[in-house]
Amino acid sequence: MTANALSKLLKSKDLHFACPFYYSYSKKKTYFCILNTEQLMAKIKAKISESEALAKLAALGMDNKKGLDIVMLDLREIESAPTNFFVICSGNVPSHVSAICDGVFETIKKATGLNPNRIEGYENAEWILMDYFDIVVHIFLKDKRQHYRLEELWADGKEIKIETNSAKSNSKE
């Protein structure tokens with residue numbers, strides 16, 4: 001995210017859509033909470049990294065399209081990591097996987113104006129990879145995610161579980 005894009009985000013009246021999460025540490029696990037616009041402004045001004053903000057936007061796009069088991073892997077402390085963050089989720093069927101990809105694309109584009117450097121796997125929609133340089137988004141069919149097990153492969157990274165809006169609404173019932 002460029003300084004201009006961040007400035008645009010801060011001036012946006014649609015900030016609650018752009019990046020409504022922050023994290024707090026508790027026993028080495030990270031949990032997310034929904035923020036209102038004023039709290040969000042304070043967190044963004046507190047200088048979270050650009051890649052972290054972009055990863056949170058990707059997670060929001062996944063949640064908007066009902067992505068399953070959304071996880072962020074913070075790889076910044078791994079010297080050989082190809083990127084700063086992996087954002088991973090699953091979909092039920094190929095059309096769901098494609099819809100999640102579209103949701104991530106729209107969310108990040110609307111908030112920052114950025115396009116991914118490359119999108120791979122959209123045609124088959126079994127495993128879609130979106131490369132934003134600082135973050136890489138992985139959207140899997142459930143069985144493909146279990147087969148490739150990226151979370152285990154990159155277990156040295158810090159796993160950040162995402163509390164989704166859909167999970168919150170299910171727990172209230």
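Key figures for this structure:
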{"read-out": "Filtered residues of segment 107-138 (kept if surrounded by fewer than 22 Cβ atoms within 10 Å (Cβ to Cβ) and part of a helix (DSSP H, G or I))", "value": "109, 110"}
{"read-out": "Unmet requirement for residue 98, which otherwise passes all of (1) crowded, with 18+ Cβ neighbours inside 10 Å; (2) assigned to a helix (DSSP H, G or I); (3) touching a residue at least 60 places away in the same chain (Cβ under 8 Å)", "value": "(3)"}
{"read-out": "Output for segment 72-87, where each listed residue is in contact with a helix residue (DSSP H, G or I) (Cβ under 6 Å, 6 or more places away or on another chain) and part of a strand (DSSP E or B)", "value": "72, 85, 87"}
{"read-out": "Residue satisfying all of: in segment 66-83; under 12 Å from the mean Cα position of the chain (by Cα) and more than 14 Å from residue 142 (Cα to Cα); surrounded by the fewest Cβ atoms within 10 Å (Cβ to Cβ) among these", "value": "74"}
{"read-out": "Matching entry among 128, 119 (being in contact with a helix residue (DSSP H, G or I) (Cβ under 6 Å, 6 or more places away or on another chain) and modelled with pLDDT of 95 or more)", "value": "128"}
{"read-out": "Residue check, residue 74 under 23 Å from residue 53 (Cα atoms) and in contact with a Ser or Thr (Cβ under 9 Å, 6 or more places away or on another chain)", "value": "yes"}
{"read-out": "Number of positions in segment 63-80 that are closer than 23 Å to residue 156 by Cβ and touching a Cys at 6+ places or on another chain (Cβ under 8 Å)", "value": "3"}
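The values are calculated or read from the model by the stated rules, or taken from the named source; none is laboratory data. Computed from a predicted structure; not experimentally measured. For neighbour counting, all protein chains shown are included, and Cβ atoms are generated from backbone atoms with ideal geometry for every residue, glycine included.
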